[in-house]
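Heads up: the structure comes next, in structure tokens.
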Amino acid sequence: MRLDVVSIFPDYLRPLDLSLPGRAQRNGLLDVRVHDLRDWTGDRHRTVDDTPYGGGAGMVMKPEPWGAALDELLAAPGAAQRPTLVVPTPSGRPFTQAVAAELATREHLVLACGRYEGIDQRVVDEAAGRMEVREVSIGDYVLNGGEVAVLAVVEAVVRLLPGFMGNAESLTEESHAAGLLEYPVYTKPASWRGHEVPEVLLSGDHARIAAWRHEQSVARTAERRPDLLHPARVVATGTELRLA
Ligand code: SAM
């Protein structure tokens, strides 16, 4: 998989050379390139932002540097014919494990790190005419910039690349794989500071262990994320939203 990340703070993306993405690069599964958006500016001050039309606080990222960056990245040797542009934004659709799994099937992702009040909407609108675009939110809170969101997205996607995880089974058992949170996990010693590992896990009875783990998963999900057990299915009909 090829990843092009565009940011005004390329140093922020250094962790991509460490940990999971770093290992995937060394294994040849991943080709990561980080670019400075300011390389596509044309003025002496390398300006990437301007005041918002309509007024209001803050600055907005100008469309021209982004347009030029995407033109060049799409024409670069090794670029996919139709890459996927990932734009982290708190107003995006939730970035979930299912979205990560979808993105893991793509050949080439371009990730655009916004700053200030975000990127001029026309960048996304124009890009949608020539590539798949995914505007994603990593949670209901506001970060200062897209770099941390991109690191989260990349890590979630890379660990799903075929051939990446030593033990692919660990992917099928973890939280969100089956729409449930993972059961609690334990390792040695069996007794620690007066806290015991549940007896069933020491029993060697695989059927009992599987049943206990499922029960724990359901109980934990019900307590912490009831929305996962009973998702309110919102159906969009024209401009109207209703519960199914
Ligand atoms: N004005 C924007 C709004 O209210 O939706 C917030 C912009 S935020 C200060 C600057 C950048 O941080 C965004 O363009 C995006 O790249 C990133 N960002 C912030 N929160 C995010 C989130 N929850 N998920 C993904 N990206 C986020």
Quiz item: Just Gly129, Gly146, Gly67 to compare: in a GNM of the chain, with alpha carbon springs under 10 Å, which one fluctuates most?
Solution: Gly129
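May I have the convex hull volume per residue, in Å³, for the Cα set of the chain? Could the numbers behind the result be given before it?
On the way: hull volume 47.4 nm³, N = 244.
Measuring per residue, one finds 194 Å³ for the Cα hull of the chain.
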Practice problem: For Val34, list long-range residues whose amide hydrogen, built 1.01 Å from N in the peptide plane, is under 5 Å from its own amide hydrogen. | Solution: Val5
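All of the numbers you see were taken from the coordinates with simple rules; none came from a lab. All of these numbers come straight from a predicted model, not from anything done at the bench.
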